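Starting off with a structure, shown below.
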Amino acid sequence: MGNENPAEKALNLIRGRLCDPTFVFRPLSASSDSNYSKLKFIVSTSITEGCNNSILLLGPRGSGKAAVLDLVVGDLMEEYPDSVTLIRLNGLLHSEDNCAFKEIARQLCMEHHLLFSKMASFDENSQFIIAMLRECGLAHKTIIFGKQRLLYSLLDAMQSVTSQAVVVGISSRLDADQLLEKRVRSRFSHRKILFLPPSREEIDSLLEHLLSLPADSSFPSGYVSQFNEKIKNITSDTRFKDMLKTFLNANSTVNSLLKFIFRAVSSMNLESGLLSLENFKTALSSMQRQPKLEAVRDCSILELYLLVCMRRLEVKEQSSYNFISVMKEYKTIHDSFQTSDFYAQNVCLRAFEHLREREVICYAENRGQSQAGEYRPMKLLISASELHQGMRSHACCPAILLKLLDH
């Protein structure tokens with residue numbers, strides 16, 4: 001470990017940061033208007049004033065709802081170590097009342113060093129939870145519940161006793177509160193915190209926070225200044241900004257950004273010990289799904305011939321073509337260039353159907369369904385550039401096909 005070179009050490013440091021939600025979201029929580037500050041104010045007020053509360057955290061998956069909640073709870077448990085008990089529930093695992101109440105009772109028993117009975121009935125668990133809520137209220141101790149779909153029984157219990165409890169719900173559905181039953185909504189406080197994609201300024205700040213090496217560290221000072229200067233040059237480059245914009249247009253959540261940075265960092269050249277723009281280009285290309293290109297790359301040689309024939313017919317401004325027209329073009333190519341890849345018509349028809357099943361081609365219209373498939377008009381579902389790019393990256397594409405596609 002002592003012989004670890006600075007590049008490997010920097011790589012491990014940045015990877016560790018990217019996998020630590022507390023480190024990632026701490027700078028995003030600095031503002032008084034941040035979701036962290038809003039949530040912490042609501043929960044801390046409930047603790048200090050001894051009142052019940054309920055909040056919904058809404059936003060797309062990967063936007064940081066659970067991470068910010070964990071950050072708030074961790075800070076509050078440090079500030080009020082004897083006043084907070086945390087109960088975690090999952091709507092997928094605890095989707096019905098009996099299971100949810102049993103899990104609440106189990107976690108309360110663990111927290112307060114009580115004996116938990118697996119055989120306890122729903123009524124017994126319910127009475128135990130109400131008794132615990134009452135005891136916590138008398139002891140000025142707040143219980144925070146997180147991630148639960150069925151809330152009615154819990155909210156009803158909170159209404160019936162003088163207790164201190166905060167229910168924090170997490171959902172990727174923005175209309176989650178509208179999906180609650182009327183009886184649940186009547187007991188819910190209707191406080192909602194919306195997790196929006198980070199702004200451009202927040203992204204710039206986050207990139208610097210995640211990628212810059214600390215000056216007061218065991219790294220050589222010359223290496224730190226060189227590494228940080230390289231990061232500044234990359235993030236200020238217009239090509240990087242365009243690349244980042246392209247990536248965030250597809251998925252603008254913090255989680256997707258972290259995956260993008262992780263892939264870029266993982267391809268860093270350990271000999272130079274510095275990140276480059278190429279690392280981010282590689283990460284972008286590996287994360288951008290291009291199903292049409294993948295479909296072309298998976299095609300057989302015969303299927304590539306058929307696609308090229310269809311493209312050539314379109315270039316010739318033949319507005320409507322079918323399998324028979326494609327076969328005529330295929331025979332013309334064979335006769336002109338004496339290619340070795342020539343197959344019987346029934347084999348070509350199976351390849352044609354396979355392309356249609358892969359949704360690389362389709363019928364041009366719904367009419368004529370009574371006709372045989374080889375006589376129905378067809379059309380390509382990929383552009384010329386996608387076909388060309390897919391064929392260039394194909395492992396076994398004959399050179400003649402690229403030549404035919406260009407002319």
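If you check every pair at least six apart or on different chains, which have Cβ atoms under 8 Å apart with a residue in the stretch 332-355 that is over 20 Å from Pro377 (Cα atoms) first and a residue that is of a type in the set (Val, Ile, Thr) and modelled with pLDDT under 85 second?
Within 8 Å, the pairs are Ile333/Thr339.
Taking into account only those residues within the stretch 311-331 that are surrounded by 15 or more Cβ atoms within 10 Å (Cβ to Cβ) and touching a residue at least 60 places away in the same chain (Cβ under 8 Å), which is farthest from the chain's Cα centre (by Cα)? Full working, then the answer.
Pass one, the stretch 311-331, residues surrounded by 15 or more Cβ atoms within 10 Å (Cβ to Cβ): 311-313, 321-323, 325-327, 329-330.
Narrowing the set further to residues that are touching a residue at least 60 places away in the same chain (Cβ under 8 Å) leaves 311-312.
Working: Arg311: 36, Arg312: 40 Å.
Restricting to residues being surrounded by 15 or more Cβ atoms within 10 Å (Cβ to Cβ) and touching a residue at least 60 places away in the same chain (Cβ under 8 Å), the top hit is Arg312.
Can you find even one residue in the stretch 193-202 that is in a loop (DSSP other than H, G, I, E, B) and open to solvent by less than 40 Å² (accessible area, probe 1.4 Å)?
yes
Output yes when any residue across the stretch 8-27 is in a helix (DSSP H, G or I), more than 25 Å from Val184 (Cα to Cα), under 28 Å from the mean Cα position of the chain (by Cα) and acidic (Asp, Glu), and no when none is.
Yes, the stretch 8-27 has at least one match.
Which pairs turn up if I take residues in the stretch 367-379 that are of a type in the set (Gly, Ala, Ser) and look for partners that are at pLDDT 70 or above with beta carbon separation below 6 Å, at least 6 apart in sequence or on another chain?
Between residues of the stretch 367-379 that are of a type in the set (Gly, Ala, Ser) and residues that are at pLDDT 70 or above, the close pairs are Gly368/Arg376.
Since Val360 meets every condition but one in (1) modelled with pLDDT of 85 or more; (2) open to solvent by 90 Å² or more (accessible area, probe 1.4 Å), which condition does it not meet?
With respect to (1) modelled with pLDDT of 85 or more; (2) open to solvent by 90 Å² or more (accessible area, probe 1.4 Å), Val360 is out only on (2).
Every residue, every condition in (1) under 30 Å from Phe280 (Cβ atoms); (2) modelled with pLDDT of 85 or more; (3) open to solvent by less than 30 Å² (accessible area, probe 1.4 Å), yes or no:
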residue	(1), (2), (3)
Leu154	no, no, yes
Met158	no, no, yes
Asp177	no, no, yes
Phe188	no, no, yes
Arg191	no, yes, no
Phe219	yes, no, yes
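Do any helices (runs of 4 or more DSSP H) entirely within the stretch 226-293 hold 3 or more residues that are touching a Gly at 6+ places or on another chain (Cβ under 9 Å), and if so, which? Outline the logic, then answer.
Working: elements: 238-250, 254-266, 277-287.
So the answer is 254-266.
Of all residues being open to solvent by less than 20 Å² (accessible area, probe 1.4 Å) and without any contact (Cβ under 8 Å) to a residue 60 or more places away in the chain in the stretch 241-270, which is nearest to Asn12 (Cα to Cα)? Just the residue, please.
For the stretch 241-270, the residue satisfying everything is Ala264.
Then there's this: Out of the residues in the stretch 271-306 that are small (Gly, Ala, Ser) and in contact (Cβ under 8 Å) with a residue 24 or more places away in the chain, state the one that is nearest to Leu404 (Cα to Cα).
We begin by selecting, within the stretch 271-306, every residue small (Gly, Ala, Ser); these are 272-273, 276, 283, 285-286, 295, 300.
Filter again for in contact (Cβ under 8 Å) with a residue 24 or more places away in the chain, leaving 272-273, 276, 295, 300.
Values: Ser272: 43, Gly273: 45, Ser276: 37, Ala295: 20, Ser300: 17 Å.
Only one residue tops the list, namely Ser300.
The values are calculated or read from the model by the stated rules, or taken from the named source; none is laboratory data. Values in this document were obtained by computation on a predicted structure and should not be read as measured data. All Cβ positions, even for glycine, are placed from backbone atoms using ideal geometry, and neighbour counts span all protein chains on display. Remember, those area values only see protein heavy atoms, side chains included, never the ligands or the DNA or RNA. Shrake-Rupley method; radii C 1.70, N 1.55, O 1.52, S 1.80 Å.
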